[in-house]
1. Quick one: Karplus J couplings for the stretch 294-299, per residue in order, coefficients 6.51, -1.76, 1.60, θ = phi - 60°, nearest Hz, x for Gly and Pro?
2. Give the ranking of 153, 113 by solvent-accessible surface, highest area first, calculated with a 1.4 Å probe.
3. Would you kindly derive the ³J(HN,Hα) couplings of the stretch 162-168 from the backbone phi angles with the Karplus curve 6.51 cos²θ - 1.76 cosθ + 1.60 (θ = phi - 60°), listing them in order in whole Hz, with x for Gly and Pro?
4. So what does residue 39 come to for accessible area, using a 1.4 Å probe and Å² rounded to 10?
5. Each residue of the stretch 34-39 in turn: what ³J(HN,Hα) in whole Hz from Karplus with 6.51, -1.76, 1.60 and θ = phi - 60°, glycine and Pro shown as x?
6. Quick one: how many Å² of residue 300 are accessible to a 1.4 Å probe, rounded to 10?
7. Limiting things to C-alpha atoms, what are the Rg and the maximum Cα-Cα separation (Dmax) for the stretch 65-115, in angstroms?
8. Heavy atoms only, 1.4 Å probe, whole protein assembly: order 36, 172, 67 by accessible area, highest first.
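The values are calculated or read from the model by the stated rules, or taken from the named source; none is laboratory data. Being a predicted model, the structure only gives us computed values, none of them experimental. SASA here: full protein model, heavy atoms, side chains in, ligands and nucleic acids out. Shrake-Rupley method; radii C 1.70, N 1.55, O 1.52, S 1.80 Å.
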Amino acid sequence: FYWLLIWMVPFEFFFLVSLFGWQSFSTMIGVHFWSKKEFSMIRYFLCQKEYCEDFLNGISTAETKCKIPVFVFNNATDYEQLVNNWCLDKFNSSNCYDIHNTAQGAFFKLANIFFGVNFGIGIFLLILLVLTILSLKEVISTPILQRSQLANIPAWLSVPIVGSVFMYLLLKGKHTVIADVQYSEWIALLYLVSAGTFFIATLLSCHNATSVMNRADKKRKQISVILFILAMMLSIIVLVAIFVTSLVMLWSYTSKAISNEEWYELACNLDTDLKNCETCSETEHECPQWKESEVLGILRTTLKQSTISAFIFLMYAFHGVGYGFVLREHIATYQIDYV
């Protein structure tokens, strides 16, 4: 139970910190996914009905007047005019803007409440996890914890392994905003290297979990522990490189704007499956439907997640090095059975 709680802490911390950028992210989703089938249920509940003598129960506008595509506009007045012209052309009506604006505003309010409540619950759960772990440490003796750690190290190291593979897939995704950003390929590759070094350390920890049988076995385990420490140190070097690079890139994209060419290219990557931009093709990259602030927001969120992940995995690597030195001392004194 103790190690299950330890295993949960990094996930709780990662998702909690990630919530800081979800308010702007939910706004982007509400705009660009609004007319897609994924939002059909949301439109059904939030879009107001129209009533007439023949339909006393009302007619849903979820698939008609409320399902407005993404327009390119300069200000709110231009946007209202574009929507009214679209509404007049499609439905010979002029109330689409009010229907859509009311429903989308309700979605944004619900999204803010949802993420606010989740953030509060996340803080409460994180504090509860930490207090429970500290209480268990007082109840369980140190020797028992050390023996338990030896048996649970492989499962414990599965967190940075799975997390590193996930970050590699996230950064190397075909349609992710960061896929074509400079240095992103190197960051993704370093995450894959990190997963490999943690996996090697896991295999070595499995070998070290058995008791010392004889002098030859003691020698093999001493070599295995040294290799484990070296694998953890290599993980630290790789993760420091990821952390610093992600942090510098995050600061760079926070303090500067991007060119129109880079903006449209990144926007076309995001829009591949949505098909909101009709001007995106293999030879042409132009997607004004995605604002520069939206593209930069997603880019910063991805880099922030990379920075947080590298920091969390660094804590695992540092702890792994400390554990390796303790294990090396126990093997040297033939007390491995009491770790």
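1. Along the stretch 294-299, the couplings run 5, 5, 5, x, 5, 4 Hz.
2. Output order, biggest surface exposure first: 113, 153.
3. For the stretch 162-168, the Karplus curve yields 5, x, 5, 5, 4, 5, 4 Hz.
4. 20 Å²
5. Here the 3J(HN,Hα) series is 4, 8, 8, 5, 4, 9 Hz.
6. 70 Å²
7. 12.1, 38
8. Ranked from most to least accessible, the order is 172, 67, 36.
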